[in-house]
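What follows is calculated from the coordinates using simple rules that are stated; it is not laboratory data. Everything quoted here is computed from the prediction, not taken from an experiment. Cβ sites come from the backbone with ideal geometry, for glycine too, and all protein chains shown count toward neighbours.
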Amino acid sequence: MRNHLTILLLGLILSHFVFGQHIYFSNRYDFKGQCSSGSNAIAIISNGYLVAAEVDSDCAYGKIGLMQLDSTGNKKWQKVYGGGTHSYTCSDVINVTSGNYVFTGSKDSGIIILKFNNVGDSIWSRTFFDPLNYLGVSRCILTKDKAILLVGIAQGKKNSLYQVLVIKIDSVGNTKWRKIFSSSGNDFGYSIDTTSDGGYIVGAGWNSPQLIKLDSSGNVKWIYSYPASGFAGVTSLKEGGYAFSTNKDSSNYSEMDIIKVDSNGKLLWNFGYSPYASTSMTGPNCGVVEMNDYTLITAGQIKDNNATDGSVMRVDSSGKLIWYRNYRKVVGATSANYLRDCKTTLDGGIVASGFCSPTSSQDTGLEDVWVLKIDSNGCDSIGLCSTSPNLNASVQELNTHSNIIHVYPNPNNGIFTVITQEDMCAARIEIYNMLGQIIYKRTLKKVNTEIRLDGQSIGVYLYRVISEKGEYIASGKLIVQ
């Protein structure tokens, strides 16, 4: 009998995979038999997690679902708000004060903000509507002065143009200021963070990913555009500057790009992480999150044929890939596992939230919330890390300064000349292979500089030219044949 009790106790402990300071779980949650997915968000609290999702009985996602989990993934409470003749969507949930939280989402053609306590009871709610625009919200943050900042979209009711929307409200929901702006006529506010100078950095996109630097009053200071299509999930970095993730599409797959710029919006580096052929890696979803050791993580999903798996990736502060792993909760051949948000945890690990959708006979139930807790190495249980396909990590080609730098001939046999049209003043050229490894670098001291790639194999390389001050000047593709 004692042996049976010992085995039972051990089984209960290992069911949550608690080992030392690390906790592991991969749990699926339903909202009282209702579908739950949509734009899913997770927040870290002192004794666990808060999860927000869109829920509805007919899978049309017209209500707000909030749920609190303890640190091992057990559900503490769960509540559903909304319904009736109104339609709600979920955007974000954050911890604002001890025991108080804020949810943001959409209500019909406007924005709703709900402040609630640690058992899910509403403290106050506010709605924002505009006679000229349909309003939506993507993310919210707590500012240094304890206000709440929202970023989203304002779509013109007459011209249908999309513009970035930023609203700052105080702790009781009163509007302090509101800004609407656009650089291309079709811009979507996707993410936001505070900056060291008291301002804010907005990640936007649609026609192309953008970073928009704002001062403390919401005035635009500068805009950086990245040559791709999609949105920018941005974070401020501890050592200065900003990093963001986005998608870049090719003819047969999608890749995830991570880009780092300095505090003035100058490109420092950019890497693309692409899966094997016929797969698509998508995001940015949670954008980029910085860990305590200055490494970066991002989460999304990867689709291979008919199945979709959640994915998490970690890179170092220079963009070098540390690890990439896939995860799934439902396992059917056509089932879908999506990760929509991610955070670093109090035990040094990573938590990601999303949803899983069973679409084959191998899995049962409705579309449910999925929360995944892993350690800093991406392991989802003690000493067990999932085996995932390798990613190709490469410097991305940005032909934005082709009038300044020319490479001739290209293609070439490994011997070529770099021609500069301006005084480069001790700029340097770096050449990378398609794994993102530097294989050659030198200073450009003349208008015409001959370069010899001795001992390098035939293939495609990428070059990057950087000024003496470390600022990005140009980059491009180099073909050796």
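When Glu367, Glu290 are sorted by how many other C-beta atoms sit within 10 angstrom of their C-beta, beginning with the fewest, the order is Glu290, Glu367. Taking other C-beta atoms within 10 Å as the exposure proxy, Ser245, Ser36 rank Ser36, Ser245 from fewest upward. Here Tyr408, Tyr29 are placed in order of increasing Cβ neighbour count within 10 Å, fewest first, which gives Tyr408, Tyr29.
Listed cross-link partners Lys146/Lys168; Lys107/Lys343; Lys446/Lys469 are compared with a 20 Å cut-off, the Cα-Cα value being larger for Lys107/Lys343. A crude spin-label estimate for the pair Thr72 and Val331, with each label 7 Å from Cα along the Cβ direction, gives 2.4 nm.
Segment Asn413..Lys79, full-extension length gain: 113.7 nm, with 0.36 nm per residue of separation and the alpha-carbon distance subtracted. Summary value for the range 17-393: 13 percent relative contact order, contacts being C-alpha pairs under 8 angstrom separated by 6+ residues.
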